[in-house]
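Worksheet for the structure shown next.
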Amino acid sequence: MQKAGKLRHRHITSFQVIILGFLSVILLGSVLLMLPIASRTGDGTPFLEALFTATSAVCVTGLVVHDTATYWSLFGQGVILLLIQIGGMGIVTVAVSVVAISGRRIGLMQRGTMQEAIAAPSVGGIVRRTKFIVRTAILIEVIGAAVLAPVFCKDFGLLKGVWYALFHSVSAFCNAGFDLMGIREPFSSLTSYPAQPIVNVTIMALIIIGGIGFLTWEDIKTNKWHWKKYRMQSKAIFVVTGALIVLPAIYFFIFELSQMPFAERAWASLFQSVTPRTAGFNTADLTLLSEAGQMLIIVLMMIGGSPGSTAGGMKTTTVAVLVSLALSVFRKREHAHFLKRRIPDAAIKNAATIFLMYITLFVVGSMVISSIEDIPMITVLFETASAIGTVGLSLGITPELGSVSHIILICLMFLGRVGGLTLIFAALSERKPNGSEYPQEKIIVG
């Protein structure tokens, strides 16, 4: 009996597997990036800098302490790209794919972990879903690289152009924001392509496709143009994503980026509304935006992409649930609804918890960094929102921050990628059923 109790105590949950998987890959990536062969100078990279870069890559963020193109060698860039790919598709997804290819049987425990990793509604058909995700992701990345290759080959030569096309295609699809354009100007991102149609359209398409979620892909594949057959989750993702692209783009075009010619301004406005959720590329100098424009980007970074996707943030569905809840209160309805479907109470509780967690971590992290570094709060808010939203956009302060601030950003990137609820569920034991309830008493709010 005692032995059985110990075995139960040592049981690892799906949430703990996800956490340990991310941590293991981050540490392995850090060790590889510390090797002298990983840097252009041939010198070993300090552990904290390697850890920051590996965390940013695995958590598909894009914040960097060294310019990716000028500091890291081809080997180092290859390690970063591999970490981005693993982090984007998910540790569990990649691991299970390797197991499936090897012909080994996938047990119930592994299937449950896969379900949590890709936010699937059930365990049934989870292996088929995972194979579909991997095949589709690779196909989309190859197509993206093929479309980008002519532009980059023209600018950088054949071999380097192909490498740049592949790197930026994977980085965009995985919503990572790492780029190799620092050879023109360090930390310049895609500012040399503000009105290049192929680069703009391809990068934006890859960001959106990667950020809408794997289950939404399945809905598209299954139901095609039959909108009524889509899951409510997919409908919410499309509605919120569309609104978060169109409305900010209009704002940026009317009130920001006035220093650009008309065509560049139109392209940049649309690009800057897409990339904060949560890719981290930019075609305009973000330091030239007004504080209102920077605050809008902060909001977009906090919202992020969709569940079960390559993107981070609070997620579009969280916003949909909270807005629906607010509307139900305004209309004095008992339940929250979205597109004529009632939202479960559990989803409302999770959405409220996620919102509170992200806001708390975002604000507390910003206050600590601002106090330590003596940097204006709006600048730090931008940086911490980028970290916890796993975006990668920056106003240029990341390399200058101290070790404590870098550690805070590392923690925020990790929490933003694995998800706050995943971390809590991994830390806490399963809730034991309890038939009793505390007495209820009214409390006035608002």
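The values are calculated or read from the model by the stated rules, or taken from the named source; none is laboratory data. Quantities reported herein were computed from a predicted structural model and do not represent experimental measurements. Positions of Cβ are backbone-derived with ideal geometry, glycine not excepted, and every protein chain shown enters the neighbour counts. Side chains included, ligands, DNA and RNA excluded: accessible areas come from the protein's heavy atoms. Shrake-Rupley method; radii C 1.70, N 1.55, O 1.52, S 1.80 Å.
Under 5 Å from the amide H of Thr390 lie the amide H atoms of Gly313, each residue being 5 or more positions distant or on a separate chain, with H modelled from the backbone and absent for Pro and chain starts.
Placing a pseudo-label 7 Å from each Cα along the Cα-to-Cβ vector at Val31 and Leu74 gives an inter-label distance of 2.5 nm. Under the rule a/c < 1.5 gives rounded, and otherwise a/b versus b/c splits prolate from oblate, where does region 265-361 land using the Cα gyration tensor? Prolate. Across region 249-265, coupling constants 3J(HN,Hα) worked out from phi with the 6.51/-1.76/1.60 Karplus curve, θ = phi - 60°, read 4, 4, 4, 4, 5, 7, 10, 10, 6, 5, 6, 8, x, 4, 5, 4, 5 Hz, and Gly and Pro carry x.
Percent relative contact order of region 254-389, based on C-alpha pairs within less than 8 angstrom and at least six residues apart?
Worked out over region 254-389, it gives 22 percent.
Region 156-281 gives an Rg/Rh value of 1.02, both radii derived from C-alpha positions and Rh following Kirkwood. For region 167-240, the ratio of Cα radius of gyration to the globular rule of thumb 2.2 N^0.38 Å stands at 1.39. The simple spin-label model puts a point 7 Å past each Cα toward its Cβ; for Leu139 and Ser24 those points are separated by 3.0 nm. Packing-based ranking of 208-216, 194-202, 176-184, 254-262 yields 208-216, 176-184, 194-202, 254-262, ordered from highest to lowest mean Cβ neighbour count within 10 Å. Note on Leu327 and Ile250: the extension gain reaches 25.2 nm, defined as 0.36 nm multiplied by sequence separation minus the Cα-Cα distance.
In terms of accessible area, using a 1.4 Å probe and ignoring ligands and nucleic acids, Leu35, Leu296 rank largest first as Leu35, Leu296. Evaluating 6.51 cos²θ - 1.76 cosθ + 1.60 at θ = phi - 60° for every residue in region 35-52, the Karplus couplings come out as 5, x, 5, 7, 10, 5, 7, x, 8, x, 8, x, 4, 4, 5, 5, 5, 4 Hz, glycine and proline recorded as x.
In summary, region 204-247 shows an alpha-carbon radius of gyration equal to 1.12 times the 2.2 N^0.38 Å reference for compact globular proteins. Region 144-184 and region 316-342 have Cα centres spaced 42 Å apart.
When both region 243-295 and region 350-401 are represented by their alpha-carbon centers, they are found 20 Å apart. What is the local net charge at Gly305, summed over the other residues whose Cβ is closer than 12 Å to its Cβ (Lys, Arg +1; Asp, Glu -1)? Within the 12 Å Cβ shell, the charges total +3.
Below 14 angstrom from the Cβ of Phe253, what's the summed charge of the other residues (Lys, Arg +1; Asp, Glu -1)?
Numbers: positive: Arg265; negative: Glu256, Glu264.
Counting the neighbours of Phe253, the net charge comes to -1.
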